1. Can you give the % of DSSP beta bridges in chain A that are antiparallel, to the nearest 5?
2. Under 5 Å between amide H atoms, partner at least 5 residues away or on a different chain: which partners does A:THR370 have, H built in plane at 1.01 Å?
3. State which helices in chain A qualify, where a helix is a whole DSSP H run, it must extend 24 Å or more along its own axis by its Cα atoms, and its mean Kyte-Doolittle hydropathy must be at least -0.5.
4. Read phi for every residue in the range B:32-41 and hand back ³J(HN,Hα) as whole Hz from Karplus 6.51 cos²θ - 1.76 cosθ + 1.60, θ = phi - 60°, with x for Gly and Pro.
5. Once you sort the root eigenvalues of the Cα gyration tensor of the range A:294-337 as a ≥ b ≥ c, which label holds: rounded (a/c under 1.5), prolate (a/b larger than b/c) or oblate (the other case)?
6. Find, among the GluC sites (Glu not before Pro) in the range A:578-634, those assigned to loop by DSSP (not H, G, I, E, B) with at most 11 other beta-carbon atoms within 10 angstrom.
7. Please turn the phi angles of the range B:164-178 into ³J(HN,Hα) values with the Karplus equation 6.51 cos²θ - 1.76 cosθ + 1.60 (θ = phi - 60°), one per residue in order, whole Hz, x for glycine and proline.
8. Got a sec? How would A:CYS651, A:CYS572 order by Cβ neighbour count within 10 Å, fewest to most?
Amino acid sequence: MKKNRFGGRALIALCFLFLYLPILLLIFFSFNAGGSSAVWRGFSLRWYGELFHNRLVIESVATTLLVSLLATAIATVAGTFAAVGIYSLSKKWRDPILVVNDLPMMNADIVTGVALCLFFVAFFRGWGGIARWLNSWQSLIDFPERLTLGLGTLLIAHVSFNLPYVILNVAPRLRQMDSNLVDAAQDLGCTWIQAFFKVILPEIKPGIVSGALIAFTMSVDDFVISYFTAGSSTQTLAMTIYGMTKKRVTPVVNAVSTLMFLAVMIVLIINNVRSAKQAKIAAKRASMEPVRENPRVVKFREWMATPRGKLTRRVTAAALCAAFLVTVVFLTAFTTSRPVVNVCSWGEYIDESLIDEFEAETGIRVNYQTTDSNETLYSLLELGGADYDVIVPSDYMISQLIEEGRLEELDYSQIPNFELIDPRFRNLPYDPENKYTVPYTWGTVGIIYNAAMVDEEITSWSALYDDKYAGQVLLINNSRDAFGIALKYLGYSMNTTDPNEIREAYELVADANRRGVFQGKVMDEVFQTMEGGNAAFATYYAGDYLSMLENNEDLRFVIPEEGSNWFVDAMCVLKDAPNYDNAMKWINFIASTDANLRNMDTIWYASPNTKALELYPSWYEEQYGEELDPDIYAIMAAPQEVLDRCEMYICLPRNIRKLYNDLWIDLGI
Amino acid sequence: MSKELIRLKDVTQVFDGETVLKNVNIYFNDKEFLTLLGPSGCGKTTMLRIIGGFQTPTSGDVYFNGERINDLPPYKRQVNTVFQKYALFPHLNVYDNVAFGLRIPKDAGDGSKEKIKLSKEEIDQRVREMLEVVSLKGFEHRSIASLSGGQQQRVAIARALVNRPKVLLLDEPLGALDMRLRKDMQQELKRIQQQMGITFINVTHDQEEALAMSDTVVVMNEGVIQQIGTPEDLYNEPKNAFVADFIGESNIVDGIMREDKVVEIFNRRFACLDSGFEKDEPVDVVIRPEDVDIVSEAEGQLRGVVTSVTFKGVHYDTIVDFYGFKWLIQTTDYCPVDSHIGIKIDPDGFHVMKKSKYSGMFGDYSSYSEEYDEINDPTIIDEEEAEGAEDED
């Protein structure tokens, strides 16, 4: 018997360990002095400090708080009235309506999110005509003709998914309430409205408060629905965290996640303690047994009945209301105002002080958003939910966007700094006449390997297909790169349109796969795996290699003799960009030599600015008081002879894109 | 007694096609303690709710002081209610519960728009006075949850009476209390009513409570008033088998009125005090269990066999089989089961009633034990009542 009980306890402990271990690990590594989430380098609050200097985080916290507070307030008021309304219906209607109320909570967030997004977009499409009509016969209010996803839609979405939770929490209180209470109040002279405020409201207050608390945590927590309804100019904290993890998980993510976890936990604990207390009172009340009162509580209540107590209560209530209003006004001012430019880029792809500087200099607010891949960006554009001004896609995506007429020509007279771009990076195949783009960064793809696990110097792609390293190779999780490398190794062009050559490349990869060479397909997990020494080989970007090197000195980078891919990410402006002139200013600002130097230093990707490329080593020495390792710099900004060996992707014809896709699916892994 | 205060005229109430009150005509006098008595579903609570203004009758009129008040909302009526289970406001303490009605500005009553607002001092004085009336002085700051059932009951009464209504409605006021407390509160309610000098209209299904407290009792069944009278009238002169059965214990047998003051039951003629029936008119005859004397078989007017005996403290409940009809006899003489006995009934022991639709439905104690259980189990009736209330919403 005893043994049994021990077994049961162990099982429970195991369950909880399983539940909480990941979160404990996350919290643990948020205090890591090092930059990795895998290697412990001692205790430090460094990442928390960095968090509060990260403007993206601060801004999205402000947005999240604003939306959550407003959505909670609106949903709580509306939900309470809805619940009271539902309870005044006859039983025949009440129960089905409560079931209908439960449905949205069970529904998958992704369905709700997509549905809301499509609804908004459809509404916006029809709105133009309505606005023109409204403006045509009245001039009192000028209705904007073009609406986009943003704070407003985000708020509406949050209110809509919070409502059922409020109703769900208020409804049971109404059910428990003695139906005679309202009659009693009316009997004593109240009208129905007075009865509502004097009797119903205090009676269902616990339900309202817990409904509001749950709605608030739901709002703060929500990612999926926000993602589809926030549009390009607004970003919640959850979305920011998601964007950060796409690049690599720095402990800043751990820090912000830890804080978020704690915040939600505190709210839930408050709520649970409250409902436990309420349940106790309710049980006592139901049993009709007198409750023994805490003399201190009695004393407090007596004090509350004195004029001074009443005054204190009123002052407290007024102060809380005022605090709420001030917070909302402040957050509103912080999140919306001034001219803006909406920029969409990759995570951790800019020195953020540049954004502050640009804002200070021009007074234009920068909505800086991130997505995780060219493909995600493309699907966002296709959905019509995005209204970015400036995007920073890669070369092959740019040529596709130009082809589809989704880009606006740039006004180079407003971008004098374009002159600073090295001729090598102008008029590239993706934009032969250079009408649409200003290059942002460029870089190369190569082999990253762990010298402690490999006893030879690597110079060829062959290592990636070698039985010797079975189970040690990470295959890049993207068909273009994976087959492109194989094509290069076989001596073909990366841009070949010959199906036979592509099939041959596929066979090479598939064969290695059958022989168990690959550990798995990775994209962003590459950082953790390589830094932790859990794989010997990976194919990745030079700039990212340099970030990894900071956390694991055994890592090496090489561009194999067969050649590789080199790429350019360039700034472009979307067709019908709402803030075209601001976009020009932003592009010009980022193209400056100073901005290029600082970006290079932050993100370790090479600049296309001639002077910045030249000046970086001396600038580095000035900044850090030590010389920049020329080998490192050569990896960061590959010399021309290396580039000559490399090829840039160009947009493949549709049938070849499909072939890539089919073969990639066949590969399976 | 005194002047008429409330009158219901041809009041009918229908819920979802079900008639709960049928053409009710009744008036209530000032300063009387009146009880609406009947089984659950008889319409007594509905009648109370119509007077309180929580229900508008389907047809018919309600008059207060001669004025039609059908459309007057509850908050404008000079009537206050003590609800079932009290409906005290749990979020307020005793003092604030009692002061609740006083703090709400009322119409001046003279048709002007102005509202009367009582001063704090006056409210305080009236609340304290009323708490004294219901013996709850010193409980001002106690929370409702910390009070016993009896104390909550007093708060509910104080909360209603502090508004100085002309009429106090009480909906099963003692239903949630235990036996002993109920007895005490009966006295207490009567005392308060006399002290305040206003009309109390009480609703209950407990006939004992009704008889003990009321000046007038209204017996209702199936939405129809069966009889109105003083407790003594109802007991001694029930109008039909339903009333006879509902008020106290009764043996009801078929009889024939042979002539004035002669009634025939079991083919035997008995002297009685009733008259005014047709010759040979079939009637219902009520014989109260305590009016039957047990004598030897030889002396008896009727002869029967004892089938069960229950000791009740003061007396025995003895069930006797007379020619297949079972009587309840309450007697201090012990007669063992299976003994053959005779009985004697004095002329004032008979009460003769006209035949009604209830004839033959009551007054036979063949299934005595079950019936007895039901009467003594208030929870059964309570639950039915609660269900009935739910349907009425």
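1. So the antiparallel bridges in chain A amount to around 60 percent.
2. For A:THR370, whose amide H was placed from the backbone, the distant partners under 5 Å are A:SER345.
3. A:2-30, A:55-87, A:109-137, A:151-176, A:201-221, A:251-287, A:307-335
4. Taking θ as phi minus 60°, the curve returns 9, 9, 10, 10, 8, 10, x, x, 5, x Hz for the range B:32-41.
5. Note, shape of the range A:294-337 comes out prolate.
6. A:GLU626, A:GLU627
7. With the stated coefficients, the range B:164-178 comes to 6, x, 7, 9, 10, 9, 10, 9, 6, x, 9, x, 8, 9, 7 Hz.
8. Neighbour counts put them in this order, fewest first: A:CYS651, A:CYS572.
Taken together, the values in this text are just the output of simple stated rules run on the coordinates, not laboratory data. This one's a predicted model, so the numbers in the text were calculated from it and none came from an experiment. Here the Cβ is made from the backbone with ideal geometry for all residues, glycine too, and neighbour counts use every protein chain on show.
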